[in-house]
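Please treat every number below as a calculation from the coordinates, not as lab data. All figures in this text were calculated on a predicted structure; none of them were measured in a lab. Please note: Cβ atoms are built from the backbone with ideal geometry, for glycine as well, and neighbour counts cover all protein chains shown.
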Amino acid sequence: MKKIPHPRKEDLELCSVLSALSDPVRLSIVKELLGRGECNCSFFCGFSLAKSTMSHHFKVLRESGLIMTTIKGTEYIHSVRKDELDSMFPGVLDSVLKSYDKRKR
């Protein structure tokens, strides 16, 4: 399995995490990934955005430290770095997602 470079846990910055989560598409991606554990890119075709746009969103999430992306053959497998995020910024991810859920109602 090949890995793409990601920021180390100790290099995660709250501003970068919150900035990445400020976009509704990226917030939806994180929410879906949390519900599924890990997922490949093809699942997100239902977002009806251009492939380049989705790639950009995944890059922002990866570079901010929110997701881990692993390459398996020709597939990119994504998962949320929840444990690492919770240890660095306790409760932040859950609070943002909870707030997002309330706004969607």
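Based on the Cα gyration tensor of the chain, what are the three equivalent ellipsoid semi-axes, each the root of five times an eigenvalue, rounded to whole Å and given largest first?
Working: eigenvalues 82, 64, 28 Å².
Equivalent ellipsoid of the chain: 20, 18, 12 Å, largest first.
Cross-link candidates for Lys72: which aspartates and glutamates have Cα within less than 17 Å, leaving aside residues fewer than 8 places away along the same chain?
Once the sequence-local aspartates and glutamates are set aside, what remains near Lys72 is Glu38.
Of the cross-linked pairs Lys31/Lys98; Lys9/Lys59; Lys51/Lys98; Lys31/Lys82; Lys9/Lys82; Lys59/Lys82, which ones have a Cα-Cα span greater than 19 Å in the structure shown?
Lys51/Lys98
Cut-off is 10 Å between beta-carbons; in what order do Asp11, Asp23 appear when sorted fewest neighbours first?
Ascending number of Cβ neighbours within 10 Å: Asp11, Asp23.
Computed FRET efficiency, Cβ-Cβ of Asn40 and Lys82, R0 25 Å: what is it to the nearest 0.05?
0.85
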